[in-house]
Amino acid sequence: MIYLLLATVLAAAVWIRKRPHLVLPWQRVAKGSVGMVSLLLLSLFVLVGLLDTLHYRAALPEKSNGQTVYSAEVLSVFDALAKGIKSRTEKTYSAPLAAYLYAKESMETSEGKILRDYPRLRYGGAHLVDPQRELLGDVLKRTGIGALEGLLIGVLLIAVSNMLFHFFVKFRTVSSSTGGKISTDNGISIFTGAMKNKPCKALLITALLIAMLLGVTANLAAVYHVLGTDKVGQDVLYLALKSIRTGLVIGTVTTLVMLPFALLLGIAAGYLRGWVDDVIQYIYTVLSSIPSVLLIAAAVLMMQVYIEMHPEWFETSAARADLRLLFLCLILGVTSWTGLCRLLRGETLKLRELEYIQAAQAFGVSSSRILTRHIVPNVMHIVLIAVVMDFSSLVLAEAVLSYVGVGVDPSTMSFGTLINSARLEMGREPMVWWTLAAAFGFMLVLVLAANLFADAVRDAFDPRLNRT
Amino acid sequence: MIAYLIRRILYAIPILIGVNLLTFSLFFVVNTADDMARMQLGMKRVTPEAIEKWKQQHGYDKPLLFNAHAEGVSKISDTIFFQKSARMFAFDFGSSNDGRNVAREIQTRMMPSLAIALPTFLIGLLIYITFALLMTLFRATALDMLGVSLCVLLMSISGLFYIIGGQFVASKLWHWMPISGYAGGLDSIKFVLLPVLIGVMGSVGASSRWYRTIFLEEIGKDYVRTARAKGLSELRVLFRHVLKNAMIPILTGVVVVIPLLFMGSLLTESFFGIPGLGSYTIDAINAQDFGVVRAMVFLGSMLYIAGLVLTDISYTIVDPRVRLQ
């Protein structure tokens, strides 16, 4: 389903490319360095989310009768990629990049005495002989190597993509112009050329920084727990990366649920007026007059009861958790369409009085045609802005709702459940801070990127902002 | 004016009925009373008799909308809808699952909620508007850019972070004030201070940015140019003219939430252990106490509608052009 969404986005992009008046605002987005950098970050998150969405069930070794049996655990491609950090679980908490467990344990020394000390981790820094002495040096060494590797790979990738792009452009010019002088640029000169262009420069620098960061993380994650481990010894980095998918799903699916409501009802109310308008206004006043958290809480509570009453519907607990997630999106969508609907109604009311619509009416164009040809395209910018703006608030809302206890299923990994489980760890002595820090950090980057991108989109599309 | 008010209140009634019907269908049609009883009594080993007893105790043993067995008026009144939902119009919220009267509970819990929400609201308003005015004053300079970037950064941080972080720094690290709890009277100040600060902090980004756009929209208008042409200083223009004229959009956003202050804040209250309405609601959600959640939903929407009416009235005060007919 999510891939369908991706395909739609791509199709829309192709469709837009052919229409110059629609390309223009996107070019404005592309000219701002902030927008592009945040877009890059966002696409990175989306990539992780997409990898995590490709599910499969691993086939267990064949039984004697030759029948293939699938394991009950559903894995994703992302799990396979991150197999190392997923399977290396410790006993309990351990600090980031630590070689020792965070809690003291009774151990038997070689002389048979019982000693209470911090035991070595099963995996974190297991290759070191004397962690107390070697840890810092090893971490620094790996950081350096990782950064270098990341930088190299990043430069290589960018150069290759540049070359490909350049080749593509050259190919196009060759095929379109006959006998034009073909420039003899190579990838490197384009690289330097791009450095003069401000957004490109920012983009390149960010890409390289990300590449370096990834290199460092990959290198360290091979032998350490980069962000520590949680109570049951799971790697926090893995948990945080898994949470991205939940956040993205909530952001996008909710929007998908909300859009048809808002579009249909908003435009219908604005265009048809009369009793239709009255009814639709009544519906959204009623819905928006209930405080949204309470409405969501009530709906989720009811859904919980419903699910508990019908346990036979679900094969695996993962299916149940997924259904809960989808249902949460549904509820969020139903409660959040009113704002956009009101905006669209107002805009349609304004549009239908304009001359070109009246001209169309005078020519006897049918209502449905006026709506699809003239009104819908002209309110699209509002829809787009609202959708992008809502995304970040939905990611934040998920965390709050999960805390309240009406969010996603506790077994689903999400920022909310992560924060919720880590909340009490602050009170421990000594304090366990890394789970919270990781959850908040990842969330901050995701939401910040979404916010900045939303701003860039709004600046480019809002007709009220005059630009020269 | 009076006639207008009456009309507005009359107009609110169908909306409240709608809310009531919606909550009713959520709570009783999607899941029957049997389901709820089973949830409350535990999933396993529930006998039909126990369910019947629970339903009888809590008054859920009636038909939903229409009671065919009763006589006369009680055909309608002796139903779950009338007993449980319609009674809320008379502020009769029934009792919670542990048998306490919800209406009385709400009354006692209102004060702590207000003690947090009101200062948060007032201090917040003051700070946001000052901050936004400052950004408008230094518009299109590096200072403004810095302010806006700060706002975007602040609004990208989860509200949970402010609460957890603030609690940690102020209470655990510096031992300024207790982590959570509440006491009546003057003692309450030390309990209230931190939640208020965090509440203000939590929405400083989004709000300041919002006010800034309002001010910037006003500042592009002709009367501002006239005021400047008269030789007024920029500060005077901002405070005497722009601030006053931006009142309408500000009021639209602000007055609506005033009645909702009674509801308190769900998150803050439960984190700081304040016995207000917010934590009451959260507890009810966690305990799956439907009666309380239903009452809170109804109360919330009633207050919201009151807020809408108040907003309209406030327009007449700040803008003489607006007449309520």
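Laboratory data are not the source of any read-out in this text; all were calculated from the coordinates shown. Only a predicted model underlies this, so the values are computations on that prediction, with no experimental measurement involved. All Cβ positions, glycine included, derive from the backbone under ideal geometry; neighbour counts span all protein chains shown.
Spin-label pair residue A:159-residue A:10: with each label point 7 Å from Cα along the Cα-Cβ axis, the two points sit 2.9 nm from one another. The shape of region B:232-325 comes out oblate: with a ≥ b ≥ c from the C-alpha gyration tensor, a/c is at least 1.5 while a/b does not beat b/c. Can you grab the distance from the C-alpha centre of region A:326-341 to the C-alpha centre of region B:271-318, Å, no decimals? For region A:326-341 versus region B:271-318, the Cα centre distance is 20 Å.
Positive contributions from Lys and Arg (+1) and negative ones from Asp and Glu (-1), summed over other residues with Cβ under 14 Å from the Cβ of residue B:116, come out at +1. A protection proxy built from the mean count of other Cβ atoms within 10 Å ranks the segments A:245-251, B:305-311, most packed first, as A:245-251, B:305-311.
Looking only at region B:250-293, which residues have a backbone nitrogen under 18 Å from a spot 7 Å from the Cα of residue B:189 in the C-beta direction? Zone members listed by number: none at all.
Determine the sum of side-chain charges near residue B:212: Lys and Arg each +1, Asp and Glu each -1, restricted to other residues whose C-beta is under 9 angstrom from that of residue B:212. Show your work: numbers first, answer last.
On the way: positive: B:139, B:209; negative: B:144.
In short, +1.
If you take every residue apart from residue A:393 with its C-beta less than 15 Å away from the C-beta of residue A:393, what net charge results, scoring Lys and Arg +1 and Asp and Glu -1? Present the calculation step by step, with values, prior to reporting the outcome.
Working: positive: A:458, B:209; negative: A:390, A:398, A:455.
Once positives and negatives cancel, what remains is -1.
The simple spin-label model puts a point 7 Å past each Cα toward its Cβ; for residue B:318 and residue B:228 those points are separated by 2.3 nm.
Shown is the FRET efficiency for residue A:366 and residue A:281, computed with R0 = 25 Å from the Cβ-Cβ distance and rounded to the nearest 0.05: 0.50. Projecting label points 7 angstrom from Cα along Cα→Cβ for residue B:236 and residue B:145 puts them 3.2 nm apart.
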